[in-house]
Structure formats: structure tokens, C-alpha cells
Amino acid sequence: MSPVNQRIAILISGRGSNLQAFIEACDTGSLAAEVALVVSNNPAAKGLERASEAGIATAVVNHRDYATRESFDAALVQCIDQAGVDLVILAGFMRILTPVFISAFSGRLLNIHPSLLPKYPGLNTHQRALDAGDSEAGVTVHFVTEELDGGPPILQARVPVASDDTAEDLAQRVILREHEIYPMAANWFIQGRLTLTEEGAYLDGKSIPATGIPYQPDTAQGSR
Ligand code: GRF
């Protein structure tokens, strides 16, 4: 196994269960990297405690301290740049980012969105899937571009929708897949297999389909 020398910053606003999945993936070696910094815009984010318990450096950049989105984003960029990271992960980060931030980390900035993108960008994805009568829901890891939840998909997991599901039931089914696919996609990046070009996302030099690579839970899929 190659030595762990790649560094990841993770941005959160709340619970941090995806952050926890990254911490565990780094511990087991299925993600060959180190979570070097966790940043939150919310000083009360539960995920900050998870990071501290794991001995990871944390920072709070509170959006309420900044007059504009751009000045907040510039402070975030400075904070992350100081940590010298290779990859930036948005994991339940509930602020809309401007080009100030996105251009600073373009091509090495990932997000996870709880829908089968391009369906349901934005909020309340599970309720929207139920309201539409969808038979499947899911989650997508994607590169971040300036279009909200609109950057090229990388990896997508599907779950069935049961007729009596509530949005909370669906969220619980989906989050289990989130914890599997997000570290997996990040590891592809860390291994140098995943790239973003003007034409879209590529894995191992092959163009990724518009809805991402379908996740296959029962296979190793690309030697994690
Ligand atoms: C997840 O559902 C993720 O898809 C969305 O925000 C939620 C974050 O959950 N972007 P957690 O804080 O990682 O538990």
C-alpha cells in the first residue's frame, strides 16, 4: 500500500455522519489519505465534536461574521489554503458558495447530494421524490461547479422507495449508501484516477455517464 500523504479538508454544517465515514475510511485504509482539517460555518455543528474526538484540527468560519457571501468565501479559502490540502469535500455544508470559493478549488472539490441528479437539485429531495411518486431515490457524488448541485456526477447509488415511506425513512435508507459511496469516490480522486475537464468527469481516462457511475454495493468496484 502506498504511504498516506494526501490531505483532505471537509466542510460541514451539522451532524457530520459523512465526515465520520471519511474518518473511518482513513482509519481502515480504504481511503488512502488523511483528514487534515474540518471546517464548519456553524460553531454548534455536531461534526466538530466528531473531528476533535478523532484528533483532527477544526476551524469555525462563521458566515454571520461576514457582510457578503464573497468575503465569507475568501475567509474559507484562506483557512483551507493554510492547511495545504489536495482535496476539498463538502459534506452537509449548508451555504451556497460563490465563484470566489469554487474557482479556488476547481477540479478538487466534491459534494454529495441526496438525490438521483440531475433530478431534484436543492433542498427537500426525499419529499420531492415521494411527491413525484418515484419508485427509486438515491444519492450522487459530483464535482462542484458554479451551478448549484449541477456539476458533473461521479458516482450514484439507488435505493428503492416503499409505498409507505416517509421522507425520514428514505433519508435513513439513503444515508447508508452515502457513507459507502463518498469515501469511495474520494479515493478514486486520491489515487489520481478521477479528473474534471471542460468536457466533464473522467475515471481512468473514460468519460463518466451523465448520471454518474452506478454504484454496485456487492462488488469492490475499482479496488477501494
Ligand atoms: C447528507 O444527506 C448529504 O447528502 C447532504 O447533507 C447531509 C449531511 O449529513 N448534502 P451529515 O452531516 O453528513 O450527517
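The values are calculated or read from the model by the stated rules, or taken from the named source; none is laboratory data. What you see is a predicted model; the values in this text were computed from it and never measured. Note: ideal-geometry Cβ built from the backbone for every residue, glycine included; neighbour counts use all protein chains shown.
If I ask for residues that are surrounded by 15 or more Cβ atoms within 10 Å (Cβ to Cβ), touching a strand residue (DSSP E or B) at 6+ places or on another chain (Cβ under 7 Å) and assigned to a loop (DSSP other than H, G, I, E, B), which ones from segment 30-56 would you list? Hits for segment 30-56 are Ala33, Ala45, Ile56. Sub-8 Å Cβ pairs linking a first residue in segment 77-97 that is at positive phi to a second residue that is of a type outside the set (Gly, Ala, Ser) and surrounded by fewer than 16 Cβ atoms within 10 Å (Cβ to Cβ), at least 6 apart or interchain, are Gly92/Arg15, ordered by first then second residue.
To keep it simple, each residue is scored yes or no on (1) within 14 Å of the ligand (Cβ to nearest atom); (2) touching a Leu at 6+ places or on another chain (Cβ under 8 Å); (3) outside the structural domain of Arg95 (by TED's automatic domain parsing).
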{"residue": "Leu11", "(1), (2), (3)": "yes, yes, no"}
{"residue": "Arg15", "(1), (2), (3)": "yes, no, no"}
{"residue": "Ser30", "(1), (2), (3)": "no, no, no"}
{"residue": "Leu37", "(1), (2), (3)": "no, no, no"}
{"residue": "Asn42", "(1), (2), (3)": "yes, no, no"}
{"residue": "Ala51", "(1), (2), (3)": "yes, yes, no"}
{"residue": "Ala57", "(1), (2), (3)": "no, yes, no"}
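Here Ala171, Ala210, Ala162, Ala201 are screened, and the one residue that is in a strand (DSSP E or B) and either over 17 Å from the mean Cα position of the chain (by Cα) or assigned by TED's automatic domain parsing to the domain that holds His142 (or both) is Ala201. If the condition is being without any contact (Cβ under 8 Å) to a residue 60 or more places away in the chain, farther than 17 Å from Gly122 by Cβ and within 13 Å of the ligand (Cβ to nearest atom), then segment 157-179 contributes Val159, Glu168, Gln172, Arg173, Leu176, Arg177.
For the condition at pLDDT below 95 and among the hydrophobic types (A, V, I, L, M, F, W, C), Ala220 qualifies.
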